[in-house]
Structure formats: structure tokens, C-alpha cells
Amino acid sequence: MVAVAAGATAGACTSVAPAEPAEPPATSTTRVPRIVDESGRPPVTFDPCLDIPDQVLRDAGYDPKSEEISDFAATHYTFLGCSYQGTLRIPGVLRRYGLNLNSGNITFAEVQEKVAEYATPIEVDGRRALLEVDPSLRHACAVNVETSFGVLIISRVYHPDHGNGVPQGEWCAGLEDTAARISVLIDN
């Protein structure tokens with residue numbers, strides 16, 4: 001009897017479904033580049049200051065809060081740039097290190113020509129790249145990654161905690177991994 005009464009009571013109630021909330025109007029996710037040059041070159045569509053999540057930087061060993069913008073615009077090319085400080089400290093060995101990210105609309109061929117004497121062709125995340133070790137720049141290494149708009153240059157500089165410096169064999173240690181973490185974020 002109780003079940004029948006409960007069923008009758010439930011059936012007697014009417015309910016009105018709440019109205020579905022209206023969907024917000026569609027917005028464009030295309031961002032206008034912060035800097036555009038007058039060269040006719042493609043716009044730089046990957047902004048290392050805006051397009052790299054903080055967690056990616058932390059996972060690679062850099063402090064996103066140390067970000068410094070280092071853009072460069074000329075009439076014939078553009079670079080959007082950011083620098084970050086490393087988080088690892090080894091007293092007596094490593095004082096600090098920095099990561100520089102420069103996204104530019106110079107061509108990969110222009111970079112190849114410039115660094116041919118001290119760069120090695122590699123591949124990063126399926127893209128053509130160059131591992132650049134210039135012996136005249138102690139404690140520095142760079143990976144130049146080809147993009148549809150030009151290049152992404154990922155460079156690191158060590159600042160040793162002693163006069164002997166960091167051995168040249170260590171200048172690029174882990175930088176290809178850092179380049180892969182970042183280049184996977186490029187849409188083109």
C-alpha cells in the first residue's frame with residue numbers, strides 16, 4: 001500500500017525543466033601578434049611569452065615568474081622573445097643558468113647559413129632543427145627549430161660558480177628535451 005501511495009503521489013506532481021542556459025557567442029581564438037614588421041614576411045604566430053604554460057617551464061627546470069620580455073622588431077624581421085632563469089643551483093659548480101626563447105620570422109635557411117660552421121642538423125618533434133654550439137660563446141647552446149613562420153630559437157647560457165666553467169660537453173645537456181617540450185606547443 002505504501003508503494004502504491006508513493007507512486008501515485010510522485011505521478012501526480014508535475015515538474016518544469018529549467019531552461020537551458022544560452023550558449024555564449026562564439027569568439028575567435030586567433031590572436032593578433034604583439035609585433036608586426038613591414039617586411040612582407042609571415043607574422044610570428046607563436047609567442048613564447050604567452051603560448052608556453054608555466055608547468056612546461058617548471059618541468060624543464062625554469063622559473064616562469066622570472067620571465068623577462070625581450071622582443072625585437074625591425075622593418076625587415078620580427079622576434080618575440082622571453083627569458084627565464086633556471087631553478088637548479090649547485091654550490092661550487094653552477095651558480096645559475098638562463099633560457100632564452102626567440103620566435104622569429106627569419107627563415108630556417110637564413111639561420112642555417114649564419115650558423116653553418118658550428119651547427120649540427122637534428123630533428124625536434126618531427127621538425128628540422130639545428131643544434132648550435134658556438135665555441136666562441138662559452139657555456140652557451142641553442143636549438144633552432146623550423147616553423148611555418150620562420151624559426152623558434154631555444155638557447156641556454158650557464159653561469160658557473162667557479163672559474164673552470166662548465167665542460168663544453170655539458171653545454172647542451174638536456175636542451176633538446178627542453179626544445180621538444182616547447183616545440184610541441186607550436187600549432188604550425
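The values are calculated or read from the model by the stated rules, or taken from the named source; none is laboratory data. Remember, predicted model here, so these are calculated numbers, not experimental data. Using ideal geometry, Cβ is built from the backbone for each residue, glycine included, and neighbour counts are taken over all protein chains shown.
Looking only at residues of region 132-175 that are over 22 Å from Phe108 (Cα atoms) and charged (D, E, K, R), we find that the one that is surrounded by the most Cβ atoms within 10 Å (Cβ to Cβ) is Asp161. Within region 85-122, if we keep just the residues that are touching a Pro at 6+ places or on another chain (Cβ under 7 Å) and at pLDDT 90 or above, the residue that is surrounded by the fewest Cβ atoms within 10 Å (Cβ to Cβ) turns out to be Tyr118. Scanning region 46-91 for residues that are within 12 Å of the chain's Cα centre (by Cα), within 19 Å of Glu176 (Cβ to Cβ) and not in a helix (DSSP H, G or I) yields Phe46, Pro48, Ile52, Ala60, Tyr62, Tyr84. Among residues of region 132-154 being free of Cβ contacts under 8 Å to residues at least 24 places away in the same chain and of a type in the set (Asp, Glu), the one that is nearest to Thr120 (Cα to Cα) is Glu132.
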